[in-house]
Amino acid sequence: MIRIAVVVGSTRPGRNGKAVADWALAAANQRNDAEYELVDLVDFSLPVLDEPLPAAMGQYSKPHTKAWADKIASFDGFVFITPEYNHSTSGALKNAIDYLNKEWNNKAAGFVSYGSAGGVRAVEHLRQIMAEVQVATVRNQVALSLFTDFEQFSVFKPAAHHAQGINDMLDQLVAWSTALKTLRA
């Protein structure tokens with residue numbers, strides 16, 4: 001069975017990302033097509049990129065990088081939960097992606113974003129970043145509005161139609177992750 005990480009892409013105190021990730025994971029766990037696991041960037045305490053060699057060389061020297069690399073290498077695909085900060089993804093998520101290279105290669109990703117404009121600009125940037133680390137991104141995504149899917153911008157209460165949206169995205173993600181696993185073999 002393929003393994004999919006649901007990655008919480010924010011480390012900010014008071015973040016909305018954990019609640020969104022818990023919702024996405026709950027939806028995923030109602031399916032029987034993959035093994036899903038929550039991966040929270042907070043748990044890895046990654047400083048601003050501090051490896052002396054480029055990630056493409058795969059010669060990691062720091063214990064936090066090695067732990068991050070082992071975790072990411074264990075997955076076939078990813079659901080990135082991303083806020084939109086200043087028309088892009090969070091610095092914490094970009095930093096975490098930049099730490100690694102081969103651990104991302106030939107895998108698939110889907111997105112659940114949130115922000116005043118649904119986080120869609122963050123996903124646009126993530127799609128470009130994912131292309132560079134050889135991650136195929138699926139078309140369907142879930143875009144959550146801070147105005148309609150959160151009470152007072154902080155209590156997550158997603159609209160009912162998002163349940164279909166997340167399942168549509170997961171359908172594509174599982175299919176692509178399964179196909180790309182054969183390429184990695």
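Rounded to the nearest 500, the 222 nm mean residue ellipticity of the chain from helices alone is -12000 deg cm²/dmol, with -39,500 (n - 2.57) taken per DSSP H run of at least 4 residues. Taking packing as the residue-averaged number of other Cβ atoms within 10 angstrom, the listed peptides 125-134, 44-53 run from highest to lowest as 125-134, 44-53. As a proxy for reagent exposure, T82, T182 were ordered by neighbouring Cβ count within 10 angstrom, fewest first; the result is T182, T82. Of interest is the spacing of the C-alpha centroids, which for segment 98-154 and segment 159-184 amounts to 13 Å. In this structure the amide hydrogen of K107, modeled in the peptide plane, comes within under 5 Å of the amide hydrogens of A136, none closer than 5 places in sequence on its chain.
So which of K71/K157; K62/K181; K102/K157; K66/K181; K66/K157; K94/K181 end up more than 26 Å apart, counting from Cα to Cα? Cα-Cα > 26 Å for K71/K157; K62/K181; K102/K157; K66/K157; rest within. Ordering of 31-41, 3-13 by packing is 3-13, 31-41, highest average first (other Cβ atoms within 10 Å, averaged per residue). DSSP finds beta bridges in the chain, and of those with both partners inside it, around 10 percent are antiparallel. Using only Cα coordinates, the Kirkwood hydrodynamic radius of segment 3-184 works out to 16.3 Å.
Bear in mind these aren't lab numbers, they're just calculated from the coordinates by the rules spelled out. Keep in mind it's a predicted model, so treat the numbers as computed, not measured. Using ideal geometry, Cβ is built from the backbone for each residue, glycine included, and neighbour counts are taken over all protein chains shown.
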